[in-house]
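The structure under discussion appears below in the form of structure tokens.
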Amino acid sequence: MSDSNPGVLPDRAITAMIASGRITATRAIPEGQVQPASLDLRLGSKAYRVRASFLTGTGKSVADRLPEFTMHEMDLTNGAVLEKGCVYVIPLMEGLALPEDITAVCNAKSSTGRVDCLTRVIADGGVEFDRIPAGYQGPLYAEICPRSFSVKIEPGLRLNQIRFRRGHAVLSDDALRARHAQTPLVDQTPLIDDGLGFSVDLSPTGTTLVGYRAKPHTGVIDLTEIGAHDAADFWEELHTDQGRIILDPGAFYILVSREAVTIPPDCAAEMAPYLAMVGEFRVHYAGFFDPGFGHGIPARGVLEVRCHEAPFVLEHGQTVGRLVYETMADAPAQLYGTDIASNYQGQGLKLSKHFKA
């Protein structure tokens, strides 16, 4: 395996970074924590309730800035509840000692986004969230703000993931068109414009169920439990036979893409916003799309939608986002869905893994 190819680093390279100390950890990293093109990040045993979200700024550390904003400190050893609308900073078990040719980008895991739990990674000297510069050496922290539900967490819980890159890896629109002509990337006519566009499905076949809206007053979601919660306690079903819904300001929705997407084994992908000008709403995306997602098993993209200033009519087939494809530096040893226990392979409209099927 080459150690100089440009692109997203695969699982084998991440494992080598762990072995060489480029990725550090306060507790041994188990094999299942390494994904085909990313590494899950684990919460540590302490949380700080802070007055507001913050970035450290050039030349300053998170540890330096925390006393300015901390309201109180929490021990997570036996589990703790993070309250809706509050902001917390939690040291992660993993740290970095990146070489000068490797950058990193972080994102919330898919299950985290689907419960509307805003979580971002901050690093020492950081001037933006979720972006780690080449050569960075130091600790990592998760900033967590539950938006719709209070959530229970514990040390070792994986809410974020990190991906490593060497050089420029984004596929051009021409390259996307060529790939789609050879092996379809979507099951529809592709909209390729600064990435692969995708739209919302509000006219599904054989059902009027088009999505879910978060209920405003609920209990706690235990993020340490899989399949433990009744969806009806937290979500209101959205039905329509008109091919459109009206988004309420401040409400959070789970919808699904009209297109089934495929991530080839030699690519990874990341969701990006479409255009702010298309309406008063934001489609937020959690997690990365690993190599093999939807490969051989059609899978839709789940959309996490929040409306902002005014009620907004969202219509079937409206373009709401885009997939940015990147080349892998080398082939991963494992693919999403086929080689690992992937929760969302072959998915359609689906809530997070914390809810009963």
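The values are calculated or read from the model by the stated rules, or taken from the named source; none is laboratory data. Because the structure is a prediction, the values reported are computed rather than measured. Methodologically, a virtual Cβ is constructed for each residue, glycine included, from the backbone with ideal geometry; neighbour enumeration extends over all protein chains shown. Surface areas here come from the heavy atoms of the whole protein model, side chains and all, with no ligands, DNA or RNA. Shrake-Rupley method; radii C 1.70, N 1.55, O 1.52, S 1.80 Å.
Things worth noting here:
- With protein chains left intact and a 1.4 Å probe, residues in the chain average 42 Å² of accessible area per residue.
- The phi torsions of the stretch 4-9, fed into the Karplus equation with coefficients 6.51, -1.76 and 1.60 and a -60° offset, translate into couplings of 9, 5, x, x, 6, 6 Hz, rounded to whole numbers, with Gly and Pro shown as x.
- Most fluctuating residue given options G292, G321, G219, as computed from a GNM of the chain linking Cα atoms under 10 Å: G219
- In Hz, Karplus ³J(HN,Hα) per residue of the stretch 218-233 (6.51, -1.76, 1.60; θ = phi - 60°; x = Gly, Pro): 9, x, 8, 8, 7, 6, 8, 10, 9, x, 9, 10, 7, 4, 5, 6
- Share of Cα-Cα pairs in the chain lying beyond 33 Å, as whole percent: 27
- Using bins of 10 Å that start at zero, the share of Cα-Cα pairs per bin across the stretch 132-188 amounts to 14, 27, 22, 29, 9, in whole %.
- For the stretch 31-114, the convex hull spanned by the alpha carbon atoms encloses 147 Å³ per residue.
- Backbone amide hydrogens, once placed in the peptide plane, bring S150 within less than 5 Å of K84, I221, excluding anything fewer than 5 places away on its chain.
- Per-pair calculated FRET efficiency, R0 = 45 Å: T218 and A175 via Cβ, rounded to 0.05: 0.50
- The stretch 52-100: C-alpha gyration tensor shape, a/c 1.5 cut-off, then a/b vs b/c: oblate
- Rounded FRET efficiency, nearest 0.05, which uses the C-beta distance separating N5 from A357 and R0 of 35 Å: 0.30
- Local electrostatic count, G126, Cβ distance below 14 Å [Lys/Arg +1, Asp/Glu -1]: -1
- Annotation for the stretch 1-58 versus the stretch 74-118: alpha-carbon center distance of 11 Å.
- Counting only protein chain heavy atoms and rolling a 1.4 Å probe, the accessible areas of H354, H308, H217 rank, largest first, as H217, H308, H354.
- The amide H of M328, built 1.01 Å from its N in the peptide plane, has V8, C267, A268 as neighbours under 5 Å, considering only residues 5 or more places off or on other chains.
- Nitroxide proxy distance, nm - points 7 Å out along Cα→Cβ at I226 and L118: 3.0
- Of all accessible heavy-atom area on the chain, the percent that carbon and sulfur account for (1.4 Å): 49
- Phi-based couplings in Hz for the stretch 190-200 (Karplus 6.51, -1.76, 1.60; Gly and Pro marked x): x, 9, 10, 7, 6, x, 9, x, 9, 10, 9
- Sequence of V210, V170 from largest to smallest accessible area, 1.4 Å probe: V170, V210
- Kirkwood radius, the stretch 56-193, all distinct C-alpha pairs, inverse of mean reciprocal distance: 17.3 Å.
- Comparing F164, F293, F69 in a Gaussian network model of the chain where C-alpha atoms under 10 Å apart are linked, the largest mean-square fluctuation is found at F69.
- Label point at D194 placed 7 Å out along Cα→Cβ; residues across the stretch 299-323 whose backbone nitrogen lies under 14 Å: 320-323
- Most mobile of G79, G206, G57 in a GNM of the chain (Cα contacts under 10 Å): G206
- Considering only L41, T24, M74, and ranking their Cα positions along the charge dipole of the stretch 1-74 that arises from unit charges at the beta-carbon of Lys, Arg, Asp and Glu, the one farthest toward the positive end is M74.
- Radius of gyration and maximum dimension Dmax of the stretch 173-239, Cα, Å: 18.5, 49
- Fully extended contour minus Cα-Cα distance, from C86 to T58, at 0.36 nm per residue: 7.5 nm
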